[in-house]
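Asks: Here's a structure for you.
Bear in mind that the values in this text are calculations on the coordinates, not laboratory data. The structure presented is a predicted model; accordingly, all values stated were derived computationally and were not measured. Every residue, glycine as well, gets a Cβ built from its backbone with ideal geometry; the counts of neighbours run over all protein chains shown.
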Amino acid sequence: MNILVINCGSSSLKFQLIDSESEQVSAKGLCERIGIEGSQLVYSPAGGEKTTTVTPMPDHTAAIKLVLQALTDEKTGVVKSLDEIGAVGHRIVHGGEKFAASTLITDEVIQAIEECNELAPLHNPANLIGIAACRELMPETPMVGVFDTAFHQTMPEEAYMYGLPYEYYKKYKVRRYGFHGTSHSYVSHRAAEVLNRNYEDLKIIVCHLGNGASVSAVKNGKCVDTSMGLTPLEGLIMGTRSGDIDPAIIEFLAHKENKSIDDIMKVLNKESGVLGLSDGLSSDFRDLEESYRKGEEAGIRTLKTFSYRVAKYIGAYTAAMNGVDAICFTAGLGENGSFVRSMICEYLGYLGIAIDAEANGKRGEDIVISTADSGTKVLVIPTNEELAIARETVALVK
Ligand code: AMP
């Protein structure tokens with residue numbers, strides 16, 4: 001069955017068409033600047049040429065119409081008609097406490113997702129627009145919602161509650177939700193396969209290190225803790241997001257800089273993280289690594305602080321699970337940044353971890369990078385959220 005995977009943002013839309021039997025991508029692409037002047041469709045059919053078409057896309061329905069046209073185009077298309085698309089899987093950022101698993105999309109489900117909008121005001125409305133546009137153009141095709149938060153819904157109360165007045169949980173559901181769940185689930189399952197072990201018998205820590213970054217603790221097949229919270233701002237130091245800080249800093253800076261809370265939140269989301277810590281040098285770890293190697297203070301300070309924070313979370317989650325069998329690295333930095341991986345693993349000698357330098361230098365494959373006698377296994381597992389969404393979608397529509 002062909003599954004169309006849609007990841008809809010406020011002005012962009014990423015898509016992949018995946019054959020569920022072979023699990024190969026038939027075509028993928030991206031609509032950018034939807035609703036803004038200069039919108040364009042980037043389209044890559046498997047084995048074909050990548051094309052960029054600048055064309056007006058006043059809204060998401062127009063964007064999806066263009067995607068469907070490209071997929072069924074006589075020359076560059078990969079299916080003959082829309083009937084060959086068996087289902088659509090939509091990435092949805094926030095499912096609140098309502099969604100602990102992927103679900104078939106119905107009118108009631110859409111209403112329940114809308115009720116989660118205030119928890120993710122930038123993302124959920126855009127996801128819903130994508131769903132509405134697809135339903136309009138493919139009214140007979142089943143659709144599935146796959147939530148970034150769902151995998152983390154198994155966390156126990158002590159992991160998801162904050163030390164705040166309980167009434168805020170009761171009134172507004174203020175609690176830890178966690179994000180990147182599709183990636184944490186995919187990678188932890190894959191780690192068990194690579195290690196040839198039963199998923200339910202393992203204690204796994206997944207470090208999803210990309211521009212956004214989060215860690216999760218997966219014990220006996222269930223997520224028991226994760227570093228992102230009510231929003232994706234908590235936890236690790238990220239590309240431009242601060243991660244954990246003393247909350248009193250917000251008031252302190254607002255007074256000192258004569259800024260509003262909204263202004264400070266913008267600083268914490270867009271101007272902090274490794275970009276801020278490196279004094280504006282870069283949010284890209286490749287630039288920071290270069291700076292570190294040149295012996296510059298900015299690169300050294302930033303990578304040391306970043307790695308230390310990751311190592312601290314690994315320590316906390318090892319304690320939370322009373323041990324750890326496998327530590328996995330994934331996403332842009334986790335998969336490609338062998339240097340930062342080594343820096344993090346230097347803290348993990350207490351787990352009996354030793355890294356095989358040759359394996360750590362490889363790229364693009366599922367690989368164990370710890371030595372054979374390493375007490376805890378360390379793996380690099382390239383994440384594949386689109387494939388995970390396609391698998392969830394097939395499982396529900398079959
Ligand atoms: P993602 O958000 O998963 O796409 O990850 C993006 C981040 O991965 C970028 O900010 C880069 O800093 C990082 N990254 C990508 N390639 C490399 C590499 N070869 N070495 C170090 N970091 C990398």
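Asks: Starting from the coordinates of the alpha-carbon atoms of the range 330-392, obtain the Kirkwood hydrodynamic radius over all distinct pairs and give the value in Å to one decimal.
Replies: Mean inverse Cα-Cα distance, inverted, gives 12.4 Å.
Asks: Okay, next question. Residue-wise, which Karplus ³J(HN,Hα) couplings in Hz belong to the range 35-40, taking 6.51 cos²θ - 1.76 cosθ + 1.60, θ = phi - 60°, and x for glycine or proline?
Replies: Here the 3J(HN,Hα) series is x, 10, 4, x, 5, 8 Hz.
Asks: Let me ask something else about it. Cross-link candidates for residue 98: which lysines have Cα within less than 28 Å, leaving aside residues fewer than 8 places away along the same chain?
Replies: Straight-line reach from residue 98, under 28 Å: 14, 170, 171, 173, 203, 219, 222, 398.
Asks: Calculate for the chain the 222 nm mean residue ellipticity that helices alone would give, adding -39,500 (n - 2.57) per DSSP H run of length 4 or more and normalising by residue count, nearest 500 deg cm²/dmol.
Replies: About -11500 deg cm²/dmol.
Asks: Sticking with this one: Looking at the range 162-246 from every direction and averaging, what is the projected area of its Cα convex hull in nm²?
Replies: Numbers: hull surface 25.5 nm².
The directionally averaged projection comes out at 6.4 nm².
Asks: Same structure, new question: Convex hull volume of the Cα atoms in the range 1-62, per residue, in Å³? Before the final figure, lay out each step's value.
Replies: On the way: hull volume 4.2 nm³, N = 62.
In the range 1-62, the Cα hull volume divided by residue count equals 67 Å³.
Asks: While we're on this one: Based only on Cα atoms, what mean projected area does the convex hull of the range 205-346 have, in nm²?
Replies: Quarter of the Cα hull surface area: 8.8 nm².
Asks: Kindly provide the chymotrypsin sites (Phe, Trp or Tyr not before Pro) of the range 95-194 that DSSP labels as loop, not H, G, I, E or B, and whose Cβ sees at most 14 other Cβ atoms within 10 Å.
Replies: Filter output for the range 95-194: 162.
Asks: What does the extension gain come out to for residue 356 and residue 114, with contour length at 0.36 nm per residue minus their alpha carbon separation?
Replies: Answer, rounded to one decimal: 82.3 nm.
Asks: Name the residues whose placed amide hydrogens come within less than 5 Å of the amide hydrogen of residue 223, ignoring near sequence neighbours (fewer than 5 apart) on the same chain.
Replies: HN-HN under 5 Å from residue 223: 154.
Asks: On to the next question. State the three equivalent ellipsoid semi-axes of the range 1-126, derived from the C-alpha gyration tensor as the square roots of 5 times its eigenvalues, in descending order and whole Å.
Replies: Computed over the range 1-126, the values are 26, 19, 11 Å.
Asks: Expressed as a fraction of 2.2 N^0.38 Å, the rule-of-thumb size for a compact globular protein of N residues, what is the C-alpha radius of gyration of the chain?
Replies: 1.00
Asks: Can you work out ³J(HN,Hα) from phi for every residue in the range 365-375, in order, using Karplus 6.51 cos²θ - 1.76 cosθ + 1.60 and θ = phi - 60°, giving whole Hz and x for Gly and Pro?
Replies: Per residue, the Karplus-derived 3J(HN,Hα) values read 9, 6, 8, 8, 9, 8, 6, 4, 8, 5, x Hz.
Asks: Counting other Cβ atoms within 10 Å, keep those with at most 12, restrict to DSSP loop, and tell me which trypsin sites (Lys or Arg not before Pro) in the range 229-303 are left.
Replies: For trypsin sites (Lys or Arg not before Pro) across the range 229-303 that sit outside H, G, I, E and B with at most 12 neighbouring Cβ atoms in 10 Å, the list reads 294.
Asks: Which ³J(HN,Hα) values in Hz, rounded to whole numbers, follow from the phi angles of the range 246-262 under the Karplus curve 6.51 cos²θ - 1.76 cosθ + 1.60, where θ = phi - 60° and Gly and Pro get x?
Replies: Going residue by residue, I get 5, x, 5, 4, 4, 5, 4, 5, 4, 5, 4, 9, 6, 10, 7, 4, 4 Hz, with x marking Gly and Pro.
Asks: For the range 88-215, just the Cα atoms, rotate onto the principal axes and tell me the three extents in Å, largest first.
Replies: Largest to smallest, the principal-axis extents are 44, 42, 27 Å.
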